[in-house]
Amino acid sequence: MDELDSAIVRELQRDARQSNRDIARKVGVAPSTCLERTRLLRERGVIRGYHADIAPTALNRGVQALVSVQVRPLNRVVIDNFKTFAAGLAEVQAVFVMAGSDDFLIHVGAQDNEHMHAFLFDKLSPRKEIVGFRTSIIFQHLAKHDPAPLPGA
């Protein structure tokens with residue numbers, strides 16, 4: 001990405017709802033140039049989407065947890081199948097495939113502790129490839145939605 005691409009990305013991170021004309025004015029280019037650059041950023045996979053940040057409680061996800069999961073045997077088929085399974089569960093908000101002692105980290109949201117318990121024991125426990133999991137309840141969550149590129153990017 002060059003300086004113009006970086007400036008467009010920064011503006012979209014600040015507010016993805018602003019108009020192309022507003023972004024173009026802020027980064028100092030013609031709206032047509034800004035629109036074309038944004039299209040190319042999407043095509044290259046730099047811009048992966050536009051999202052609204054919704055309060056979990058508004059989605060009936062008052063209890064959130066990170067679940068560390070270990071699976072066996074460790075091979076591509078088991079990893080891919082479990083990743084697909086986990087991502088398809090309604091309570092799952094994100095799935096991370098990990099290196100180290102845990103194979104997956106799953107961000108889960110449920111209505112309350114009872115539903116979280118049911119999720120863990122009715123949906124995860126029966127899976128034969130799971131050899132263990134640990135659950136950490138999230139008390140607070142702060143997400144950084146506008147990280148700056150690190151040097152060398």
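The values are calculated or read from the model by the stated rules, or taken from the named source; none is laboratory data. What you are looking at is a predicted structure, and each value in this text was computed from that prediction instead of being measured. Backbone-built Cβ (ideal geometry, glycine too); neighbour counts: all protein chains shown. Remember, those area values only see protein heavy atoms, side chains included, never the ligands or the DNA or RNA. Shrake-Rupley method; radii C 1.70, N 1.55, O 1.52, S 1.80 Å.
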*Could you tell me which numbered condition ARG37 fails, if it satisfies all but one of (1) at pLDDT below 95; (2) out of contact with any strand residue (DSSP E or B) (no Cβ under 9 Å at 6 or more places or on another chain)?*
(1)
*Test set (1) more than 17 Å from the chain's Cα centre (by Cα); (2) more than 19 Å from VAL63 (Cβ to Cβ) - PHE119 fails condition number*: (2)
*Which numbered condition THR57 fails, given (1) open to solvent by 90 Å² or more (accessible area, probe 1.4 Å); (2) farther than 22 Å from ALA143 by Cβ; (3) outside any loop (DSSP other than H, G, I, E, B)*: (2)
*among the polar types (S, T, N, Q), under 25 Å from VAL71 (Cβ atoms) and touching a residue at least 24 places away in the same chain (Cβ under 8 Å): does that describe SER125?*
no
*When region 70-82 is examined, which residues are found to be open to solvent by 80 Å² or more (accessible area, probe 1.4 Å) and either in a helix (DSSP H, G or I) or among the hydrophobic types (A, V, I, L, M, F, W, C) (or both)?*
LEU74, ARG76, VAL77, ASN81
*In region 122-139, what residues are open to solvent by less than 60 Å² (accessible area, probe 1.4 Å) and either part of a helix (DSSP H, G or I) or in contact with an Asp or Glu (Cβ under 7 Å, 6 or more places away or on another chain) (or both)?*
LEU124
*Kindly indicate which of ALA99, ALA90 is modelled with pLDDT of 95 or more, open to solvent by 80 Å² or more (accessible area, probe 1.4 Å) and under 30 Å from PHE139 (Cα atoms).*
ALA99
*Do we find that VAL67 is in a strand (DSSP E or B), over 30 Å from GLU3 (Cα atoms), of a type in the set (A, V, I, L, M) and at pLDDT 95 or above in this structure?*
yes
*Out of the residues in region 31-45 that are under 26 Å from the mean Cα position of the chain (by Cα) and open to solvent by 60 Å² or more (accessible area, probe 1.4 Å), which is nearest to HIS141 (Cα to Cα)?*
ARG42
*Would you point out the residue of region 1-30, among those that are open to solvent by 50 Å² or more (accessible area, probe 1.4 Å) and assigned to a helix (DSSP H, G or I), that is nearest to ALA148 (Cα to Cα)?*
ARG10
